[in-house]
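What follows is a short report on a single structure.
FYI, it's all coordinate maths here, none of it is from the lab. Treat the numbers as computed from the prediction; the structure is a model and nothing was measured. Here the Cβ positions follow ideal geometry from the backbone for every residue, glycine too, while neighbour counts run over all protein chains shown.
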Amino acid sequence: MKQRITSLQAIVIVVISIVPSSLFYIPSVVIQIAKQDGWISVLLSLIVTLLLAIVIGHVCREANRHSLLAWLRSRLGKIIATAVGLILCMYYFIASVIIVRQFADFMSTETLMATPLVMLAGIIVLVSVYIASQGIESLARVIFVVFLFFMFFVCLNTALIWGQSDFKQFLPLLESLPADHMKAMLMPLGCLSEIAVLLLLAPFLETPASGIKIALWSTLISGLICVVVTGVTITVFGTKIISAISYPAFAAIGTVEISQFIERVDVLLVSAWTASMFAQVSIYTFGFFQMVTQTFKLTSHFSQYAAGGLLILATALYAWPSNVVVAEFSYTTLTIYFLLNNYGVCIMIWFGLRLTQYKAKIATESL
């Protein structure tokens, strides 16, 4: 019996595939560029991404529980399907690698300073590969629990930080130029474009007809979380010292104190966020193994998971010499790659399907 997930589980998986790693850089980047209007740049990115969500939702609905590559082979041919498979293999591999490295760097610099980076990255990969190997149903159940845990502490910390907020930091409103907003929108657009992971979930959906609804809700929830976190960061720190803070979203929560005896409430959020990062790496690791299996028509085996996990670990450790280079890569190359891959591949698939649907209709009418 093929494994299935509900629409709610699919929404949660897509949200977790976007939000945790987005908290690393989105607030810092957009605030440095668009200043106090940074939250508006993220909101505009959300509106644009809703268009991509509609396209992805249409594709998932038409796939009707068929795996993406099998369906593309029947509609667009073997060569195009194989090319798309190779592109997606590389995409999920790169996404897994960069998230592992970002996660390990954060833990190494902020919480576990004395622990070697190789140990942190090794544990992250080991746990993620194990979760991914258990199948989509187990993955969905774990991620749903993690999501509830994560959202509870996000809401709690946001409420606690209310007293630290200075809403005058939003003024003057709408001061940033359109060119600044366009530049600031690039990273949020790249991160939110990761809703393309829904294409991976298409064959497992209980109700394929709900593809558009899943895509829209996933985008709205992910985008609004990023808008709120960016807004909170502005109200706490303003716009002048953001460039001097490595992880401003987490530093903002660290300013919370309850009365005179409770400090470092950010530990609660970091613990929930850590669980969500493990879940996020598991999603992309699962995607990588799925694409390799579908593209090369392999059978899942322990050796595949072992080899894939070692490859992800080695690349994460040795592809970048320092966390500064990782941050620079995330700001520039990775953002452009996500934009080209997610928007480009999804739109090309959609146009290809529209073209073949039109040709099939013409052929039927000519008989």
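Taking other C-beta atoms within 10 Å as the exposure proxy, 105, 180 rank 180, 105 from fewest upward. The Cβ shell under 13 Å around residue 295 holds other residues with a net charge of +3, Lys and Arg each +1, Asp and Glu each -1. With R₀ set to 22 Å, the beta-carbon distance separating residue 174 from residue 332 gives a calculated FRET efficiency near 0.20.
Taking amide H as placed 1.01 Å from N in the peptide plane, the amide H of residue 5 sits under 5 Å from that of 205, 206, each at least 5 places away or on another chain. Between residue 123 and residue 239, the FRET efficiency estimated from the beta carbon spacing at R0 = 41 angstrom works out to 0.65. Taking only the C-alpha atoms of region 92-188, Rg followed by Dmax gives 19.0, 51 Å. For the pair residue 206 and residue 65, the difference between a 0.36 nm per residue extended length and the Cα-Cα distance amounts to 49.9 nm.
Label zone (residue 300, point 7 Å along Cα-to-C-beta; backbone nitrogen cut-off 18 Å) within region 41-74: 65-70.
Shown for the chain are the DSSP H helices of 20 Å or more along their axis, judged by Cα atoms, with a mean Kyte-Doolittle hydropathy of at least 0.0: 7-34, 38-63, 78-110, 117-133, 136-160, 211-237, 266-296, 302-318, 345-366. Full extension of the chain between residue 83 and residue 164 yields a length gain of 24.0 nm, computed as 0.36 nm times the residue separation minus the alpha carbon distance.
Could you work out the relative contact order of the chain, using alpha carbon pairs under 8 angstrom and six or more residues apart, expressed as a whole percent? Please report the intermediate quantities before stating the final value.
Values: 499 pairs, mean separation 143.0, N = 367.
In percent, rounded to a whole number, it is 39.
Extending 7 Å from the Cα toward the beta-carbon at both residue 183 and residue 111 defines two label points whose distance is 3.4 nm. Secondary-structure-derived ellipticity at 222 nm for the chain, considering helices only, amounts to -25000 deg cm²/dmol, per-run term -39500 (n - 2.57) for DSSP H runs with n ≥ 4. With both labels modelled 7 Å from their Cα along Cα-to-Cβ, the residue 348 to residue 3 distance reads 2.9 nm.
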